[in-house]
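Here's the structure we're looking at; comments come further down.
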Amino acid sequence: MALGASFAAIAGHPSALVMLLTALMLVLTAEMIVIAYAAWMEQVFGATVQTLGSIAATFAVADIVGEVLSMWGVDRFGKKRALLVGFIGTTALYFVIPLLGASFLLALAALFLYYVCFEFTVVSIFPLISELAPEARGTIISLAILAENVGRMAGAVGGAWLFGAAGFGANGIAAGLILAVTTVVFWRGVQEGG
């Protein structure tokens, strides 16, 4: 199928378009947290570069846990339901993490759970999005990755600016509000299989 025909096929599936927007917004909100959490931990807890490096390595374990949970849960519970759980968990943690500035261990645990939820969600996007325009599967998966990268760029710029202007709490609130709205749009606008 020619690229133009693939784009036309995707445009003919409203659920596919909503899912592309959902992927963009999920990664945009994630980047708003990721771009600022190290500076926040340094400011609030005095975390050193070495400590932050160890924390980042620990978050790789959280990513693996999220990926395994996606493998286990998406087909068992349904793609849309699994994504809804991931969106709700991620959204809740966006609101909670900035409130944990009194305890390094609680903040670290919340960030670990956030990485599990985010990774579960971002990985779980692909089984659903790949079936929304099956005649253009390769194109829609590529567009989803493109959307996520656009979200990453926008979230990095917006998150860095917001952190500098208002602090990490503002990043959490903004990311939480954006992903909450995105979750409602996803729930109402995406139909499995089409």
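All of the numbers you see were taken from the coordinates with simple rules; none came from a lab. Everything numeric in this text was worked out from a predicted model, so none of it was measured.
Two decimals is fine: what is log10 I(q)/I(0) at q = 0.10, 0.19, 0.23 Å⁻¹ for the stretch 90-179, from a Debye sum with one equal scatterer on every Cα and no solvent? Ignoring solvent entirely, the Cα scatterers give -0.34, -0.95, -1.16.
Counting only alpha carbon atoms, the long axis of helix 14-45 and the longest principal axis of the chain meet at about 10°.
Below 8 Å between Cα atoms, with a sequence gap of 6+, how large is the relative contact order for the chain in percent? Relative contact order comes out at 45 percent.
A full extension of the chain between V150 and A2 corresponds to an added length of 50.9 nm, given 0.36 nm per residue minus the alpha carbon distance. Taking the inverse of the mean reciprocal distance over all distinct Cα pairs, the Kirkwood hydrodynamic radius of the stretch 1-89 comes to 16.2 Å.
Remark: the stretch 171-177, residue by residue, has Karplus-estimated 3J(HN,Hα) of 4, x, 5, 4, 4, x, 5 Hz, where x stands for each Gly or Pro and the curve is 6.51 cos²θ - 1.76 cosθ + 1.60 at θ = phi - 60°. Quick one: Karplus J couplings for the stretch 64-73, per residue in order, coefficients 6.51, -1.76, 1.60, θ = phi - 60°, nearest Hz, x for Gly and Pro? Per residue, the Karplus-derived 3J(HN,Hα) values read 4, 4, x, 5, 5, 4, 5, 4, 6, x Hz.
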